[in-house]
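Remarks on the structure that follows.
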Amino acid sequence: MAGEYNRTYITLDGHVELQRYRYLYFVIMFTAYVLIICSNSTIVCIIALHRNLHEPMYMFIAALLINSVLFSSAIYPKLLIDFVSEKQIVSHSACLFQWFMYYFLGSSEFLLLAAMAYDRYVSICKPLQYPVIMRKTTVQMLLILAWLLPACQVSVPILVSANKKLCHFNLKAVLCNSTVQKLYCVTSRLLNIYGLAALVNALICPVLFILCTYIRIVIVCYRSSQEVRRKAAQTCLPHLLVLINFSCLGAYDVLLLRLETDFPKTVRLIMSLQVLLFHPLFNPIIYGLKMKDINKQLKRLFCKRV
């Protein structure tokens, strides 16, 4: 029975002082989860209910916030259960599912940000052609691709790993990510090459596209009127802030965790919680405060209640 247990379950050994601070961790993360669900869902509902916000830019923002809710819902329930459990374990199949959701939704975030950058480029650099280019069908196609392409791409290593034999059962993390590959008896060189190609396709290419797009926007704004510059700053700055924040956290997760350096457990925990805690709360705050039309509707909503 003990041997079967070891073959089936993986121990999540990334927690720090869990016995002493388990209830503090639980309260903090549960509060964060509730705030994430409420804040993101509130802005999504505002966009859905107000017809003047049924524009491509706000559709992409709603998709981005839905992505944050799905991401948090794939991670937080298991994390909260681990905080109050005597043993922090996860089955191999559940670990693979969490790995899939983690990178599928993370990659979707970059593609959604790229779609938003393209929308801003067309709006500012080609305003007369905007209604023709950014039609409803175009927006729907971009949203479908932003979720479909990462799902197909991330499925490959998950399916390949599903039948691989585990030789190690101790994962130095609080959740299942690409470091699960270190637990297998045989590491696949082909899978590592595929992972690097997927990294370029899902992270580097969208980021380069966004940077090139915003460089073009800056050049056009520099040559335009003050009103155009004001509009560009108002709509583009939130997107850039979100991109910089998520890129920094993503770079740590994808690159540093692949290095052989043995980072202190506390550093690993803090950086993991940054991805889980900071970014899903950062999005609604940025878009709620910086997007004028959304901010106006939020003030109306809460002023009525007050």
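The values are calculated or read from the model by the stated rules, or taken from the named source; none is laboratory data. Values in this document were obtained by computation on a predicted structure and should not be read as measured data. In this analysis, Cβ positions are derived from the backbone assuming ideal geometry, glycine residues included, and neighbour counts consider all displayed protein chains. Keep in mind that these areas ignore ligands, DNA and RNA; they rest on the heavy atoms of the full protein, side chains included. Shrake-Rupley method; radii C 1.70, N 1.55, O 1.52, S 1.80 Å.
Structure data summary
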{"item": "Y21 being among the hydroxyl-bearing types (S, T, Y) and within 24 Å of P131 (Cα to Cα)", "result": "no"}
{"item": "All helices (runs of 4 or more DSSP H) inside region 189-256 with 2 or more residues being among the hydrophobic types (A, V, I, L, M, F, W, C), modelled with pLDDT under 70 and farther than 29 Å from Y102 by Cβ", "result": "226-255"}
{"item": "Any chance Y58 is of a type in the set (S, T, Y), in a helix (DSSP H, G or I) and open to solvent by 80 Å² or more (accessible area, probe 1.4 Å)", "result": "no"}
{"item": "Condition check for V174: outside any helix (DSSP H, G or I), open to solvent by 70 Å² or more (accessible area, probe 1.4 Å) and touching a residue at least 12 places away in the same chain (Cβ under 8 Å)", "result": "no"}
{"item": "Residues (outside any loop (DSSP other than H, G, I, E, B) and crowded, with 16+ Cβ neighbours inside 10 Å) located in region 132-148", "result": "T138, V139, L142, L143, A146, W147"}
{"item": "Residues satisfying the stated conditions in region 183-203, i.e. farther than 16 Å from S155 by Cα and exposed (fewer than 14 other Cβ atoms within 10 Å of the Cβ)", "result": "C185, V186, T187, R189, V200"}
{"item": "Odd one out for D82, checked against (1) open to solvent by less than 10 Å² (accessible area, probe 1.4 Å); (2) within 30 Å of Y214 (Cβ to Cβ); (3) among the acidic types (D, E)", "result": "(2)"}
{"item": "Scope region 61-89; condition out of contact with any His (no Cβ under 8 Å at 6 or more places or on another chain) and not in a helix (DSSP H, G or I); matching residues", "result": "V84, S85, E86, K87, I89"}
{"item": "Residue in region 46-55 that is farthest from the chain's Cα centre (by Cα), counting only those that are assigned to a helix (DSSP H, G or I) and buried (at least 16 other Cβ atoms within 10 Å of the Cβ)", "result": "L53"}
{"item": "Region 204-215: number of residues that are farther than 24 Å from V154 by Cα and either without any contact (Cβ under 8 Å) to a residue 60 or more places away in the chain or touching a Pro at 6+ places or on another chain (Cβ under 9 Å) (or both)", "result": "3"}
{"item": "Members of region 288-306 found to be at pLDDT below 75 and open to solvent by less than 20 Å² (accessible area, probe 1.4 Å), listed by number", "result": "G288, M291"}
{"item": "Residue satisfying condition, being open to solvent by 30 Å² or more (accessible area, probe 1.4 Å) and either within 13 Å of L281 (Cα to Cα) or not polar (S, T, N, Q) (or both), within set T31, T11", "result": "T31"}
{"item": "Scope region 14-28; condition open to solvent by less than 80 Å² (accessible area, probe 1.4 Å) and at pLDDT below 90; matching residues", "result": "G14, H15, V16, L18, R22, Y25"}
{"item": "Residue satisfying condition, being within 20 Å of the chain's Cα centre (by Cα), at pLDDT below 90 and not hydrophobic (A, V, I, L, M, F, W, C), within set E86, E109", "result": "E109"}
{"item": "In region 177-188, residue modelled with the lowest pLDDT [restricted to those that are of a type in the set (V, I, T) and assigned to a helix (DSSP H, G or I)]", "result": "T179"}
{"item": "Where a residue in region 102-131 is surrounded by fewer than 21 Cβ atoms within 10 Å (Cβ to Cβ) and its partner, wherever it lies, is outside any helix (DSSP H, G or I), with Cβ under 7 Å and at least six apart", "result": "V122/M134"}
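Here is a yes/no grid of residues against (1) β-branched (V, I, T); (2) out of contact with any His (no Cβ under 9 Å at 6 or more places or on another chain):
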site: L142; (1), (2): no, yes
site: V160; (1), (2): yes, yes
site: C176; (1), (2): no, yes
site: L183; (1), (2): no, no
site: T187; (1), (2): yes, yes
site: R223; (1), (2): no, yes
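Residue-by-condition table, conditions (1) among the aromatic types (F, W, Y); (2) open to solvent by 30 Å² or more (accessible area, probe 1.4 Å); (3) touching a residue at least 40 places away in the same chain (Cβ under 8 Å):
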residue	(1), (2), (3)
L35	no, yes, yes
T42	no, yes, yes
A63	no, no, yes
I66	no, yes, no
L70	no, yes, no
